Amino acid sequence: MDKPGQLLIVILIISLFETIIKKSNEKKIDNILLLVPLVGLCISTKTYFLTYLLLGLSIFIIDKNYLKNFNYLIFSKPFLSFVLILTLTFSHHFVATGCLISPLPILCFDESLIWARDLNDVKGLSMWVEQWSKAGASPTYVIENGEEYIKNFNWLSNWIEKYFIVKFLDQIAILGSCIVLIFFLLKKFSLSNEKFLFKREFVLFLSMIVVIFYIWFSNHPTLRYGGYSAFYLLVSFPFAFLFYKLKNNNNERKKIIFIIILVISIVDIKNIIRITKEFKRSDYYNFSNFPFFALREKEYTQKNFDTGLTMYFAHHCWDTPSPCGEGYSDNIVTYEKNGYYFIQIQK
């Protein structure tokens, strides 16, 4: 759900902005309400979409009826659906990990819950995820002293070398190519006579997107962790307003069809090249047994409990018998009740 979820949030934000600047005053709040449950759906798939709740402040730039709009939103059925979705999402996190949002230590309960993960374990996992997203680790290397690495912007130079140049530049090139293509095919080199409308709304809306982008970049600057949507919105909004001021070219329909066919052709060609390279691989993970992929033999240990349950322990539980625990702990106890096995870590 990484890219589909980010695509959905982009569509919702564009719809929200369009509603604010174009719809009649009587329908603005009603059209915004239709988007609220969908934002909750996005958050339920990936919690990093929580930053987009900041755009809820846009309710204060609809008109000057701030209190009326706020009350209308809070006591509406769509908002109730939104709250219900978030309640179920956070309840799932809580039951599974002992955290409202995992792995954020500040939202975890350690001492008071017998099933909760150890708080030091959560802190370690949180640091590891941030280190990974800031190019401080990969399947082939790990930066020493990860805690110091992720502080401030100590990671920036290594991130530029290991991630930005390798993966981010491709996305910039794709987006830049689309902007140039639209500019030359669909727009004229002359401004329209229309006034630059909605200036206040645009500035406030873009400011909120800048804040969302900064939160993403300073905490988990990886495209799959919300970067596609944050980067696209940050870049596309200024260009969208530039295109709004430019006159349209002739034969728009034919040129739009041409752009669609061109994009589909490029994507298909890239996929054909990628698949061809995959079949020519000579390493361990080649497709010698297609469509099955290779798995290295996993090393793990096992422990038999008096209850009759057998647990398996490994560094990672990939291709390991179940139930599996990462690492080995003598503090694990098991008990049986009504035909079910329960696993508990004693603190």
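The values are calculated or read from the model by the stated rules, or taken from the named source; none is laboratory data. Fair warning: this is a prediction, and the values are worked out from it, not measured in the lab. Glycine also receives a Cβ, built like all others from the backbone with ideal geometry; neighbour counts cover every protein chain displayed. Remember, those area values only see protein heavy atoms, side chains included, never the ligands or the DNA or RNA. Shrake-Rupley method; radii C 1.70, N 1.55, O 1.52, S 1.80 Å.
Things to note:
- Using the Stokes-Einstein relation with a Kirkwood hydrodynamic radius computed over Cα pairs, the translational diffusion coefficient of the chain at 4 °C and a viscosity of 1.567 mPa s comes to 53 µm²/s.
- Rounded, prolate or oblate (a/c below 1.5 giving rounded, otherwise prolate when a/b exceeds b/c) for region 1-95 by Cα gyration tensor: oblate
- Burial order of peptide ranges 292-302, 133-143 (average beta-carbon count within 10 Å, highest first): 133-143, 292-302
- Region 112-121 - phi-based ³J(HN,Hα) in whole Hz, Karplus 6.51/-1.76/1.60, Gly and Pro as x: 8, 10, 6, 8, 5, 5, 4, 4, 5, 5
- Close Lys-Lys pairs in region 8-130, where close means Cα under 29 Å and separation is 8 or more or interchain: 17
- Counting only heavy atoms of the protein chains and using a 1.4 Å probe, CYS324 has close to 40 Å² of accessible surface.
- Region 205-258 versus region 306-323: alpha-carbon centroid distance in Å: 46
- Amide H to amide H distances under 5 Å link ALA137 with ILE143, where only residues 5 or more positions off or on other chains count and H is placed in the peptide plane.
- The antiparallel fraction among DSSP beta bridges confined to the chain stands at about 80%.
- Partners of LYS151 within straight-line reach, counting aspartates and glutamates whose Cα lies under 13 Å from its Cα and excluding those fewer than 8 residues away in the same chain: GLU130.
- Accessible-area composition of the chain, carbon plus sulfur, in percent [1.4 Å probe]: 63
- Tail fraction, Cα-Cα pairs, region 78-146, threshold 20 Å, whole percent: 44
- At a Cβ-Cβ separation cutoff of 4.7 angstrom, cysteine residues of the chain with no neighbouring cysteine are CYS42, CYS178.
- Relative contact order (percent, whole number), the chain, Cα cutoff 8 Å, 6+ residue spacing: 12
- Note: region 110-260, Cα convex hull, 188 Å³ per residue.
- Here the Karplus curve 6.51 cos²θ - 1.76 cosθ + 1.60, taken at θ = phi - 60°, turns the phi angles of region 242-250 into couplings of 5, 5, 4, 7, 7, 6, 6, 7, 7 Hz, with x standing for Gly and Pro.
- Peptide packing: for 37-43, 335-341, 89-95, the average count of neighbouring Cβ atoms within 10 Å per residue gives the ranking 37-43, 89-95, 335-341, highest mean first.
- Solvent-accessible heavy-atom area per residue, rounded to whole Å², over the chain at 1.4 Å: 65
- Couplings 3J(HN,Hα) of region 66-80, computed from phi: 4, 5, 5, 5, 5, 5, 4, 5, 4, 9, 9, 5, x, 5, 4 Hz, in residue order, whole Hz [Karplus 6.51 cos²θ - 1.76 cosθ + 1.60, θ = phi - 60°; x for Gly and Pro].
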